[in-house]
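So the structure is just underneath, and the comments pick up after that.
Each value in this text was obtained by applying a stated rule to the coordinates, not by laboratory testing. Note that the coordinates shown come from a computational prediction; the quantities given were computed from them, not determined experimentally. No Cβ is skipped: glycine too gets one built from the backbone with ideal geometry, and neighbour counts run over all protein chains shown.
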Amino acid sequence: MIARGVVVGLVLLAAVVLQTAVFPALTLFGFRPDLLLLVTVTVATRDGALAGLRVGAVAGLISDLLVTSSPVGLGVLVFGVAGALVGWSRPYFAPTSLTAPLLLVAAASVLGTAAYGVMAALLADERVGASLVLQGAIAVGLYNTLLAPVAGALVRRISDAFPLRGTATD
C-alpha cells in the first residue's frame with residue numbers, strides 16, 4: 001500500500017512538471033490540460049470513490065500550492081469531490097466499455113474546471129468571468145479527453161502492479 005502511494009505521488013509530480021513545463025507551449029485555444037484533474041479522474045474510474053477522493057485531495061493541494069494562484073483549499077475541494085463523484089458513478093458503467101472512461105473524463109474535466117472557475121469567482125477573483133470559465137471548461141475537457149487513453153493506460157498498469165486491499169466498501 002505504501003509503494004502504491006509513492007508511485008501515485010510520483011505520477012502526480014510528473015503531472016505537475018508536465019503541466020508547468022511542457023504544456024504551456026502546447027495550448028489548445030489558449031488553454032492547457034489539467035493533468036492533475038486527469039490523474040484524479042482516471043484513478044477514480046479505475047479504483048473507486050475513496051481512491052479518487054484521496055488522490056483528488058492531494059492533487060488539489062498540489063495545484064493550490066504550486067500551479068494556481070487561487071485560495072488554498074479550493075483545488076482540494078473541487079478535485080476531491082470530482083474524484084469521489086467519478087468513483088461513485090463507476091459501477092453504473094460497463095467495466096469493459098471503451099467509451100465510458102472517456103465520457104467520465106470529459107464530463108469530470110468540464111464540470112470540475114467550471115466548478116473551480118465558479119468557486120474562484122465567488123471568492124472574489126476578478127480574473128475569472130463567465131465566458132472565460134465556459135471556454136476553459138470546454139477546452140480543458142477536450143484536451144483531457146484526448147489525453148485520457150495515455151493516463152488510463154498508466155493508471156491501469158499502476159493498479160495492476162499495486163492493487164488496493166480492503167476496498168469492499170469502496
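Report the local net charge at V16: Lys and Arg +1, Asp and Glu -1, summed over other residues whose C-beta lies under 13 Å from its C-beta. Please list the in-between numbers first.
Details: positive: R32; negative: D34, D64.
Neighbour charge sum, excluding V16 itself: -1.
Which angle from 0 to 90°, rounded to the nearest 10, does the C-alpha axis of helix 74-89 make with the longest principal axis of the chain?
40 degrees
List M1, M119 from most exposed to least, where exposure is judged by having the fewest other Cβ atoms within 10 Å.
The fewest-first ordering by Cβ neighbours comes to M1, M119.
Between the helical axis of 99-122 and the dominant principal axis of the chain, each derived from Cα atoms, what acute angle in degrees is found, rounded to the nearest 10?
40 degrees
Taking θ = phi - 60°, what integer Hz values does the Karplus form 6.51 cos²θ - 1.76 cosθ + 1.60 yield along segment 7-13, in sequence order, with x for Gly and Pro?
Karplus values, whole Hz, x for Gly and Pro: 5, 5, x, 5, 5, 5, 5.
What order do you get for Y92, Y116 when you list them from fewest to most C-beta neighbours inside 10 Å?
The most exposed by this proxy come first: Y92, Y116.
Quick one: check the C-alpha center-to-center distance for segment 106-125 versus segment 11-68, whole angstrom.
14 Å
Would you mind listing how long segment 2-161 runs along its three principal axes, going by Cα atoms, in whole Å with the largest first?
Principal-axis extents of segment 2-161 (Cα, largest first): 44, 30, 28 Å.
Using the basic label-point model (7 angstrom from Cα toward the beta carbon), what is the L65 to V17 distance in nanometres?
Here the modelled spin labels are 1.8 nm apart.
Just to check I understand the Karplus step: with θ = phi - 60° and J = 6.51 cos²θ - 1.76 cosθ + 1.60, what whole-Hz values come out for segment 143-158, glycine and proline as x?
5, 5, 5, 5, 8, 4, x, 5, 5, x, 5, 5, 5, 4, 5, 5
Around G75, what is the net charge, scoring Lys/Arg as +1 and Asp/Glu as -1 over all other residues with Cβ under 15 Å from its Cβ?
In short, -2.
Using the Kirkwood formula over every pair of different C-alpha atoms, what hydrodynamic radius in Å results for segment 69-135?
13.1 Å
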